[in-house]
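What follows is a set of notes on a single structure, which appears directly below.
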Amino acid sequence: MLNFTPLKMPSDVGVLRQQVREFLSTELAAMTGPQRAHSWSGFDAEFSRKLGQKNWIGMMWPQKYGGHERSAIERYVVIEELLAAGAPVAAHWIADRQSGAQLLRYGNETLLQRYLPEMARGELYFCIGMSEPNAGSDLASIKTIAQRVEGGWLINGAKLWTTNVERAHMMIALVRTSKDEKNRHGGLSQFLIDLSSPGVEVKGISDHQGERDFGEVFLTDVLVADEMLLGNEGDGWSQVNAELALERSGPERYLSSYRLIEELLTSVADDPSDIVVNMMGDIASELWTLRQMSMSVAGQLSQGGNPTLEAAIVKDLGACFEQNLPVIVQAALGEDVSIDRDSSLYQVLSYLLRASPAFSLRGGTREILRGIIAKGMGLR
Amino acid sequence: MLAETVDRLFEELMANGMPEMEHLGTSPLWQPIEDLGLTDVFLPESEGGFGGCWQDAFVVFHLLGLHALPLPVGETLIAKKLLREAAINSPAGTISIGSCTDAELSGDGAKTLFSGRVSDVPWGGAVQHIVITCAADEREQLLLLDSAQGSLESRHSNEAGEPRDDMIFQNAVVSDLKSLPGGKDKALLYSALLRSAQISGALEGSLKATVAYVNQREQFGRPLSKFQAVQHQLALLAEEASAVKCAAMAASRSQDHDSAEFEIAATKLRANRAVGIATSIVHQAHGAIGFTREHHLHYWTQRLWSWRSEFGNDRYWSNRLGRQVLAEGAAQFWENLTARGDV
């Protein structure tokens with residue numbers, strides 16, 4: 001019923017892992033703990049460019065489009081090293097993680113040649129337009145529409161909670177191309193939209209602690225060419241769901257609060273209380289287990305499997321872990337751990353307490369995930 | 001292949017519900033296990049065994065939990081593994097494992113006599129032999145005894161009614177005795193891996209039973225499985241079962257490669273934590289019927305409660321693991337965590 005066969009890491013990944021570590025120890029030497037705590041929302045255009053030069057973006061893409069034809073497991077190793085180090089990967093993150101794969105699966109030759117090489121260089125940034133003002137978890141109720149016109153499609157509507165939108169050059173948007181009264185999942189399509197097009201207005205939104213990682217996009221009579229349609233008209237729903245299933249179980253699903261663990265280990269006094277010792281044991285146990293689970297799903301995906309249920313399980317457990325971490329650390333602080341407000345530990349903790357509610361919202365809420373798991377078990 | 005055969009056998013053994021646990025040594029249930037050579041998973045093929053590894057043993061351990069089979073199959077398997085590592089020939093029949101801190105060895109050269117107290121022995125009064133780890137003559141020793149020589153100081157049962165006995169031996173004749181460096185901790189780690197795998201099996205068994213129950217039981221005119229509150233509780237249950245199964249499989253694989261002290265510690269702790277969450281969900285989903293003696297839900301839940309505290313409870317493993325991680329320090333944490341997967 002539940003397949004979590006452990007992944008056997010190829011023995012040669014150790015070399016790659018070492019290369020990434022050496023690169024990061026130089027590149028990130030000046031980064032502080034609180035900066036690293038931003039994980040995959042940390043933005044640094046120069047860093048993304050350098051990572052592209054190391055051939056660590058678009059690792060699995062074909063060489064003819066600027067990719068490097070490495071395996072899924074090699075990519076996994078690079079990603080987990082980047083996240084564990086707190087590298088600022090936000091600029092290229094979505095292009096590398098999702099949009100490139102979507103283009104390769106559904107994009108035509110023109111789009112692949114035009115966009116993928118620049119994405120692999122870490123210079124072309126993407127965002128994903130799914131949620132709207134009145135369509136969040138109920139994604140099929142989106143209202144943004146594309147109408148066929150002379151020379152392409154005219155798009156009207158608005159997207160909301162779009163991560164990276166203020167810095168992205170391109171957006172892959174899910175829009176309605178027709179209405180099917182009998183099938184609400186029908187009539188949806190995906191388009192590639194150049195955010196510098198006339199009629200596009202982008203506004204960043206500050207989150208409750210003042211970070212601006214997401215925003216909204218207003219689309220008013222935005223004309224896109226025919227070639228910008230991804231896949232087939234009307235297949236948007238299944239295309240999007242395949243994408244979401246793939247992005248549920250990577251290392252980013254349990255490492256968002258990782259910085260706090262190293263900060264804690266650095267700050268604990270020589271003779272800590274059992275409360276702190278036992279908490280460290282709990283954290284190590286959960287993190288090790290989650291990593292085994294995540295790698296198992298990665299292994300199944302790389303062999304062409306379809307572990308939708310398992311991936312949803314990893315994401316929900318991972319988000320619970322990431323959210324629980326700042327809570328238990330806050331509860332356990334005492335004389336054997338520094339609680340100075342100027343300390344790196346305190347600042348990382350404070351940031352993560354406030355950032356962590358998003359961990360079970362982004363990319364599908366906890367409630368949606370548990371529904372998927374229940375469905376996988378035959379309950380609905 | 002192994003999984004199918006063992007699954008079928010355990011299902012047959014449990015076909016009439018939970019068997020009586022008295023007089024285990026002469027129980028007709030044990031003979032098919034012995035006939036199949038199931039306790040010889042680790043024995044090389046050249047010596048008539050399976051030539052198996054820990055990942056094969058996991059399959060057996062997991063199915064023991066899945067079927068809630070009340071027999072010391074896992075204990076015997078691990079006792080034989082320890083005996084083999086100490087180069088002692090294994091006897092046939094049931095064997096359990098114990099640890100003694102006040103061991104006294106005496107003898108006249110021809111035979112060695114053992115005196116000491118061994119507590120909390122699984123199936124202690126019911127098995128034919130017992131393997132004991134102890135420190136004597138300033139060395140860690142492994143010794144094999146005919147358990148009938150022991151007197152039961154007190155008979156205990158675990159939450160599922162399985163024997164967990166305190167035994168006293170007075171000048172008992174030792175069948176064999178060898179030095180086994182690190183033997184006590186090995187026995188603990190192997191047994192913790194056994195219980196983790198059994199917990200993963202019991203979680204999966206109770207998950208399947210709970211899914212079946214909520215699909216069949218109707219209230220308010222529809223099956224319980226159609227209520228979102230119920231669905232989400234079962235999703236959490238599936239997550240716990242998944243985490244423990246994955247951890248136990250990964251730890252078994254690591255143990256095949258090298259001593260997996262960290263992995264087993266992490267796994268037993270994860271398994272222990274799952275017990276509280278899962279038993280609460282499965283009982284809640286079953287309502288009053290699951291609380292009855294007649295219903296089979298307690299086959300799993302009673303064992304889960306027992307296994308959580310056996311061979312290291314949450315406090316023991318979190319403390320041991322925490323001390324290790326803190327000793328290694330921040331700079332080593334990630335490096336060690338990933339090195340443990342890159343085998």
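The values are calculated or read from the model by the stated rules, or taken from the named source; none is laboratory data. Because the structure is predicted, anything quoted here is derived from the model rather than measured. FYI the Cβ positions are ideal-geometry reconstructions off the backbone, even for glycines, and counts take in every protein chain you see.
Residues that are within 19 Å of A:Ala101 (Cα to Cα) and touching a Lys or Arg at 6+ places or on another chain (Cβ under 6 Å) do occur in the stretch A:129-142.
Taking the stretch B:291-343 and the helices (runs of 4 or more DSSP H) fully enclosed by it, the elements with 3 or more residues that are within 11 Å of another protein chain (Cβ to nearest Cβ) are at B:314-328, B:330-339.
Has the stretch A:283-296 got at least one residue that is within 11 Å of another protein chain (Cβ to nearest Cβ) and farther than 20 Å from B:Ala248 by Cα?
Start the filter on the stretch A:283-296 by keeping residues that are within 11 Å of another protein chain (Cβ to nearest Cβ), which leaves A:283-296.
From the residues that got through so far, the ones that are farther than 20 Å from B:Ala248 by Cα too are none.
No, the stretch A:283-296 has no match at all.
Here B:His257 meets the list (1) in contact with a Phe, Trp or Tyr (Cβ under 8 Å, 6 or more places away or on another chain); (2) surrounded by fewer than 21 Cβ atoms within 10 Å (Cβ to Cβ); (3) within 14 Å of another protein chain (Cβ to nearest Cβ) almost entirely, failing just condition (1). Among the residues of the stretch A:352-380, the one identified as out of contact with any helix residue (DSSP H, G or I) (no Cβ under 6 Å at 6 or more places or on another chain) and hydroxyl-bearing (Ser, Thr, Tyr) is A:Thr365.
Please determine whether any residue of the stretch B:232-242 is touching a helix residue (DSSP H, G or I) at 6+ places or on another chain (Cβ under 8 Å), more than 7 Å from chain A (Cβ to nearest Cβ), surrounded by fewer than 24 Cβ atoms within 10 Å (Cβ to Cβ) and not in a helix (DSSP H, G or I). Please lay out each step first, then the result.
We begin by selecting, within the stretch B:232-242, every residue touching a helix residue (DSSP H, G or I) at 6+ places or on another chain (Cβ under 8 Å); these are B:232-242.
So of that shortlist, the ones also more than 7 Å from chain A (Cβ to nearest Cβ) come out as B:233, B:236-237, B:240.
Narrowing further to those that are surrounded by fewer than 24 Cβ atoms within 10 Å (Cβ to Cβ): B:233, B:236.
With not in a helix (DSSP H, G or I) added as a condition, the list becomes none.
Scanning the stretch B:232-242 turns up no residue that is touching a helix residue (DSSP H, G or I) at 6+ places or on another chain (Cβ under 8 Å), more than 7 Å from chain A (Cβ to nearest Cβ), surrounded by fewer than 24 Cβ atoms within 10 Å (Cβ to Cβ) and not in a helix (DSSP H, G or I).
Annotation: A:Ala319 fulfils all but one of (1) modelled with pLDDT of 95 or more; (2) more than 9 Å from every other protein chain (Cβ to nearest Cβ); (3) touching a strand residue (DSSP E or B) at 6+ places or on another chain (Cβ under 9 Å); the unmet one is (3). Within the stretch A:204-224, the set of residues being in a strand (DSSP E or B) and either hydroxyl-bearing (Ser, Thr, Tyr) or surrounded by 13 or more Cβ atoms within 10 Å (Cβ to Cβ) (or both) comprises A:Gly204, A:Ile205, A:Phe214, A:Gly215, A:Glu216, A:Val217, A:Phe218, A:Leu219, A:Thr220, A:Val222, A:Leu223, A:Val224. Looking across the stretch B:287-324 at every residue that is under 17 Å from the mean Cα position of the chain (by Cα) and among the hydroxyl-bearing types (Ser, Thr, Tyr), the one that is surrounded by the most Cβ atoms within 10 Å (Cβ to Cβ) is identified as B:Thr301. Filtered by the rule that a residue be in contact with a Lys or Arg (Cβ under 7 Å, 6 or more places away or on another chain) and part of a loop (DSSP other than H, G, I, E, B), the stretch A:154-183 gives a lone residue, A:Glu166.
I need the full set of residues from the stretch B:91-100 which are surrounded by 22 or more Cβ atoms within 10 Å (Cβ to Cβ) and under 10 Å from B:Thr39 (Cβ atoms), in order please.
First, the residues of the stretch B:91-100 that are surrounded by 22 or more Cβ atoms within 10 Å (Cβ to Cβ): B:94-98, B:100.
Listed by number, the residues that qualify are B:Thr94, B:Ile95.
Kindly provide the set of residues from the stretch A:261-286 that are of a type in the set (A, V, I, L, M, F, W, C) and either touching a Cys at 6+ places or on another chain (Cβ under 7 Å) or buried (at least 24 other Cβ atoms within 10 Å of the Cβ) (or both), ordered by number.
Answer for the stretch A:261-286, where residues must be of a type in the set (A, V, I, L, M, F, W, C) and either touching a Cys at 6+ places or on another chain (Cβ under 7 Å) or buried (at least 24 other Cβ atoms within 10 Å of the Cβ) (or both): A:Leu264, A:Met280, A:Ile283, A:Ala284.
Of all the listed residues (A:Trp237, A:Trp288), the sole one being touching a strand residue (DSSP E or B) at 6+ places or on another chain (Cβ under 8 Å) and among the aromatic types (Phe, Trp, Tyr) is A:Trp237.
Just to be sure before I move on: is B:Ala266 in a helix (DSSP H, G or I) and more than 10 Å from every other protein chain (Cβ to nearest Cβ) in the structure I sent? So B:Ala266 does not fit the description; no. All conditions but one from (1) in contact with a Gly (Cβ under 9 Å, 6 or more places away or on another chain); (2) surrounded by fewer than 20 Cβ atoms within 10 Å (Cβ to Cβ); (3) at pLDDT 95 or above; (4) among the basic types (Lys, Arg) apply to A:Arg380; the one that does not is (3).
Of the helices (runs of 4 or more DSSP H) lying entirely inside the stretch B:1-108, those containing at least 3 residues that are among the β-branched types (Val, Ile, Thr) are B:73-85.
Mind checking whether some residue in the stretch A:74-81 is assigned to a loop (DSSP other than H, G, I, E, B) and over 14 Å from the mean Cα position of the chain (by Cα)? Give the derivation first.
The first filter runs over the stretch A:74-81 and keeps only residues assigned to a loop (DSSP other than H, G, I, E, B), leaving none.
Checking the stretch A:74-81: not a single residue is assigned to a loop (DSSP other than H, G, I, E, B) and over 14 Å from the mean Cα position of the chain (by Cα).
Looking across B:Asp176, B:Asp165, B:Asp185, one residue alone is within 22 Å of the chain's Cα centre (by Cα) and modelled with pLDDT of 95 or more. It is B:Asp185.
Tell me, please, whether a residue that is among the aromatic types (Phe, Trp, Tyr), surrounded by 22 or more Cβ atoms within 10 Å (Cβ to Cβ) and at positive phi can be found in the stretch B:116-127. Can you show your working first?
Start the filter on the stretch B:116-127 by keeping residues that are among the aromatic types (Phe, Trp, Tyr), which leaves B:123.
Cutting the leftovers down to surrounded by 22 or more Cβ atoms within 10 Å (Cβ to Cβ) gives us B:123.
Adding the requirement that they be at positive phi leaves B:123.
So far as the stretch B:116-127 goes, yes, one or more of its residues are among the aromatic types (Phe, Trp, Tyr), surrounded by 22 or more Cβ atoms within 10 Å (Cβ to Cβ) and at positive phi.
Of the residues making up the stretch A:273-282, those that are at the interface with another protein chain (Cβ under 7 Å from one of its Cβ atoms) and over 28 Å from B:Val244 (Cβ atoms) number 0.
Going by the structure shown, is B:Lys245 closer than 22 Å to A:Ile372 by Cβ, surrounded by fewer than 21 Cβ atoms within 10 Å (Cβ to Cβ) and within 12 Å of chain A (Cβ to nearest Cβ)? Judged against the criteria, B:Lys245 is not a match. If you go through the stretch A:96-127 and keep only what is closer than 18 Å to A:Glu233 by Cα, of a type in the set (A, V, I, L, M) and within 19 Å of the chain's Cα centre (by Cα), you end up with A:Leu103, A:Leu104.
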